[in-house]
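Report on the structure given below.
The values are calculated or read from the model by the stated rules, or taken from the named source; none is laboratory data. Computed from a predicted structure; not experimentally measured. Note: ideal-geometry Cβ built from the backbone for every residue, glycine included; neighbour counts use all protein chains shown. Note: accessible area is taken over every heavy atom of the protein model, side chains too, but ligands, DNA and RNA are not part of it. Shrake-Rupley method; radii C 1.70, N 1.55, O 1.52, S 1.80 Å.
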Amino acid sequence: MSVALQIFEAATEAPTTVAGYPDYIVAKLKLANRSQRWLADETGISRSRMQRLLCGDPAQRKPLRLQEKQAIFQALSVDEYTATLVTELMGFNTEEGFEATVAIASMLSSLFRGLPGQVFTAIQHIEGFEHHDVREEYGLVLKEAVLRTIKTNFQEIASRRGLRLDQLLTGDRHGR
């Protein structure tokens, strides 16, 4: 199953099926230097309920209700799409840490937001290409093309950064 399809399915499932939301919320609170007490006060959720929702032991956690999740995300200024991406990426346990995970998830959120509709519209406007011509395998080809483009673009960014760093270290402000 493609990553995009997994993200879509995770975003459309009931919120209780995404176990990473509480972990994400706790990490977001730590990053913002906020407490569960503050979050309870901001959302109107009782402190004891908040403790049960964000319990350190996942087996002891109570499931988030839709209204609770929405209130928490609003208090933390988080959109659900980005939160879903972060929870998926948190499963990779990168050494980069939570801030890097959030940065990558934010980039992916910008990439994917509206993309399905744009792809659908693009396909509709291709002369001689009909919806019955679309095959699931094309998604894999497109994914490979997107990943190659991302890698190439980030390598170019990294090389420009390296060039600027070299210029700064040598004192050459004109790139000679």
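Computed values, structure above
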item	result
Under 26 Å from LYS28, Cα to Cα: lysines that are on another chain or at least 8 residues apart	LYS62, LYS69
Computed lengthening from THR149 to TYR81, 0.36 nm per intervening residue step minus Cα-Cα distance	22.2 nm
Sequence-distant lysines (8 or more away, or on other chains) whose Cα lies within less than 23 Å of LYS143	LYS151
Net charge, LEU31 excluded, C-beta distance under 13 Å - Lys, Arg +1, Asp, Glu -1	+1
Carbon and sulfur %, accessible surface of the range 25-79 computed with the full protein complex present, 1.4 Å	45 percent
Projected label distance in nm at VAL141 and LYS30, using a 7 Å step from Cα toward the beta-carbon	4.5 nm
Kirkwood Rh in Å, taken over all unlike Cα pairs in the range 39-112	13.5 Å
Percent of Cα-Cα distances greater than 26 Å, calculated over the range 41-165	46 percent
The range 115-162 - Rg over Rh from alpha carbon coordinates, Kirkwood radius	1.17
Computed over the range 20-121: relative contact order in percent, which uses C-alpha pairs under 8 Å that are six or more apart	26 percent
Pairwise label distance in nanometres, VAL119 with ARG49, each label 7 Å out on the Cα-Cβ vector	3.8 nm
R0 of 41 Å, Cβ-Cβ distance ARG37-VAL134: FRET efficiency to nearest 0.05	0.20
